[in-house]
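*Asks:* Below: one structure in structure tokens.
The values are calculated or read from the model by the stated rules, or taken from the named source; none is laboratory data. What you see is a predicted model, and the numbers here were worked out from it, not measured in a lab. Note that each Cβ is placed from the backbone with ideal geometry, even for glycine, and that neighbours are counted across all protein chains shown.
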Amino acid sequence: MENTKHDTSITGIWKIMEEIYDPEIPVLSIVDLGIIRDIKLNDDEFDICITPTYSGCPAMDVIAMNIRMQLLKNDCKKLKITQQLSPAWTTDWMTKSGKEKLKTYGITPPVGKSFDKKNLEELQVECPLCHSANTKLISQFGSTSCKALYQCNECKEPFDYFKCH
Amino acid sequence: MQENLFYYILCLADSSLIMGHRLSEWTGHGPMLEQDIAISNIALDLIGQSRNFYQYAASLMGDATEDSLAYLRDAHQFKNLLITEIPNGDWAKTILKLFLVSAYQFYFYQNLFHSADQQLSAIAEKSLKEVTYHLRWSSEWVIRLGDGTEESNRKIKQAIEDLWSYTGEMFQPAEYEKNLLNNSVSVDVSEIKNNWDGKVKNVFEEATLKYPEEKNIWMHTGGKNGVHTEHLGFILAEMQFLQRAYPGCEW
């Protein structure tokens, strides 16, 4: 990681957050994921409000630690990280560029909006490798809470799908 | 009021933790890889939900942390539902236990979302999203096993016999639950019983299983008040060993 220092206004802090990546899916920043909900400045202390993705996601502790470390590197010693549970995190908050990055990385991004409440079997999930829509659901649970396991019927490769949540 | 709230949150935290812990006993031992992964993911969700509750409970007590609450309390201080501590048994028994508890949590969190306590409402909102998946997955498995082979049908029928007498406790409020009803903080569990019955009946019917219709089936109680089966002691001995043998240890 480059040790370039950033401007430490609120805008600057947002930029720093864009360089903190999900430890499990390192192409996505925590801003792409919609994990950072708000950044406030109270006197000289930054209050960073984050929201957890899935309740048991083990990456959240690592992310909080990385936020602290990155801000310390930029001489922000006074900071508070608050966790906000409501409104509950949803994949609807994932940025468009985040979804593109997922696809390039080889994980199919969420299809549709979370309020559609469609079952996984009803979705048309595209293979991120050969782009065929002829795919099948192997398991609604994958290697992490956020992913489901699919297989492409055309190229036969298995792939991960980032579930709509 | 604070003590009632503290105990209520612990009841929810403990049930999720013990349920998650039991399910995690399948990790590495699942019948097939996908099911191993699925049940591990569900266990992780539940433990994550318990963390939210423990963090809230700890914030109400000056000198507690989520870890001290989870790892340093003894069996008589735990308030989890008895059904969560019952051993997993075979796949059928685990599936049925997960189905019965997920159905309960589904309607419970739907209701808790309307709690006057903002934090409980927030935790319920988040947990409900995940429990919806748990309920779907376990319902499908109950149907698969019930309407499966002679062996799977026999095993899940046995599971119903073994577990049914632990379902009553879900709908019997403890004193601290009743005390919180006045302020619309807690869920009135008598209100969700019909929903739960309906869901279980529907899934059992599709699974060609008989819903126990007998009146006045004797039900186990006590979990919510710290009166547990012998099983909890063994769970805690394993789960809490490290923290108790090396107090204050950290990664």
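*Asks:* Being of a type in the set (S, T, N, Q) and within 14 Å of chain B (Cβ to nearest Cβ) narrows it down to one residue among A:Gln70, A:Gln84; which is it?
*Replies:* Sole residue among the options that is of a type in the set (S, T, N, Q) and within 14 Å of chain B (Cβ to nearest Cβ): A:Gln84.
*Asks:* Still on this structure, I have one more. Name, by its number, the condition in (1) in a helix (DSSP H, G or I); (2) closer than 26 Å to B:Glu3 by Cα that does not hold for B:Thr221.
*Replies:* (1)
*Asks:* If you take the residues of region B:194-209 that are in contact (Cβ under 8 Å) with a residue 40 or more places away in the chain and out of contact with any Asp or Glu (no Cβ under 8 Å at 6 or more places or on another chain), which of them is farthest from B:Ser152 (Cα to Cα)?
*Replies:* B:Asn195
*Asks:* Can you confirm whether A:Ser114 is of a type in the set (S, T, N, Q), surrounded by 13 or more Cβ atoms within 10 Å (Cβ to Cβ), under 17 Å from A:Arg37 (Cα atoms) and at pLDDT below 90? Explain how you work it out, then say what you get.
*Replies:* Details: of a type in the set (S, T, N, Q): yes; surrounded by 13 or more Cβ atoms within 10 Å (Cβ to Cβ): yes; under 17 Å from A:Arg37 (Cα atoms): no; at pLDDT below 90: yes.
Spelling it out, it is not the case that A:Ser114 is of a type in the set (S, T, N, Q), surrounded by 13 or more Cβ atoms within 10 Å (Cβ to Cβ), under 17 Å from A:Arg37 (Cα atoms) and at pLDDT below 90.
*Asks:* Just the residues that are more than 10 Å from chain B (Cβ to nearest Cβ), out of contact with any Phe, Trp or Tyr (no Cβ under 8 Å at 6 or more places or on another chain) and of a type outside the set (S, T, N, Q), please, taken from region A:114-135.
*Replies:* Across region A:114-135, the qualifying residues are A:Phe115, A:Asp116, A:Lys118, A:Glu121, A:Glu122, A:Leu123, A:Glu126, A:Cys130, A:His131, A:Ala133.
*Asks:* Just give me the residues in region A:129-156 being in contact with a Pro (Cβ under 9 Å, 6 or more places away or on another chain) and more than 15 Å from B:Asn41 (Cβ to Cβ), in sequence order.
*Replies:* If the condition is that a residue be in contact with a Pro (Cβ under 9 Å, 6 or more places away or on another chain) and more than 15 Å from B:Asn41 (Cβ to Cβ), then A:Tyr150, A:Gln151, A:Cys152 are the ones that fit.
*Asks:* Return yes when B:Ala38 is aliphatic (A, V, I, L, M), touching a helix residue (DSSP H, G or I) at 6+ places or on another chain (Cβ under 7 Å) and free of Cβ contacts under 8 Å to residues at least 60 places away in the same chain and no when it is not.
*Replies:* Answer is no for this residue.
*Asks:* If you take the residues of region B:12-37 that are surrounded by 24 or more Cβ atoms within 10 Å (Cβ to Cβ) and hydrophobic (A, V, I, L, M, F, W, C), which of them is farthest from B:Lys178 (Cα to Cα)?
*Replies:* Per the criteria, the residue is B:Leu23.
*Asks:* List pairs: first residue in region A:136-161 and within 13 Å of chain B (Cβ to nearest Cβ), second residue assigned to a loop (DSSP other than H, G, I, E, B) and of a type in the set (Ser, Thr, Tyr) anywhere in the structure, Cβ distance under 6 angstrom, at least six positions apart or on different chains.
*Replies:* Close Cβ pairs satisfying both conditions: A:Ser145/A:Tyr54.
*Asks:* Give just the number: which of (1) closer than 28 Å to B:Phe234 by Cα; (2) away from every other protein chain (no Cβ under 14 Å); (3) out of contact with any Gly (no Cβ under 6 Å at 6 or more places or on another chain) does B:Gly148 not satisfy?
*Replies:* Result: B:Gly148 fails condition (1) only.
*Asks:* Pull up region B:38-50, narrow it to residues that are surrounded by 21 or more Cβ atoms within 10 Å (Cβ to Cβ) and not aliphatic (A, V, I, L, M), then point me to the one that is farthest from the other protein chains (Cβ to nearest Cβ).
*Replies:* It comes out as B:Ser50.
*Asks:* While we're on this one: Under the condition of being touching a strand residue (DSSP E or B) at 6+ places or on another chain (Cβ under 6 Å) and among the hydroxyl-bearing types (Ser, Thr, Tyr), which residue from region A:11-46 is farthest from A:Met69 (Cα to Cα)?
*Replies:* Taking the candidates together, the pick is A:Ser29.
*Asks:* For residues that are farther than 13 Å from B:Ile83 by Cβ and in contact (Cβ under 8 Å) with a residue 24 or more places away in the chain, scanning just region B:215-234, find the one that is surrounded by the most Cβ atoms within 10 Å (Cβ to Cβ). Outline the logic, then answer.
*Replies:* Going residue by residue through region B:215-234, those that are farther than 13 Å from B:Ile83 by Cβ are B:215-218, B:225-227, B:230, B:233-234.
Of the ones still in play, those that are also in contact (Cβ under 8 Å) with a residue 24 or more places away in the chain are B:217-218, B:225-227, B:233.
Values: B:Ile217: 11, B:Trp218: 7, B:Asn225: 14, B:Gly226: 19, B:Val227: 12, B:Gly233: 14.
The qualifying residue surrounded by the most Cβ atoms within 10 Å (Cβ to Cβ) is B:Gly226.
*Asks:* Being part of a loop (DSSP other than H, G, I, E, B), among the polar types (S, T, N, Q) and at pLDDT 90 or above is true for just one of A:Ser86, A:Ser55. Which residue is that?
*Replies:* A:Ser55
*Asks:* Quick one: what pairs do we get from region A:87-113, first residue more than 14 Å from chain B (Cβ to nearest Cβ), second small (Gly, Ala, Ser), C-beta under 7 Å, 6+ apart or different chains?
*Replies:* A:Met94/A:Gly34
*Asks:* Would you tally the residues in region B:76-94 being buried (at least 19 other Cβ atoms within 10 Å of the Cβ) and either assigned to a helix (DSSP H, G or I) or at pLDDT below 95 (or both)?
*Replies:* The number of residues fulfilling the criteria is 8.
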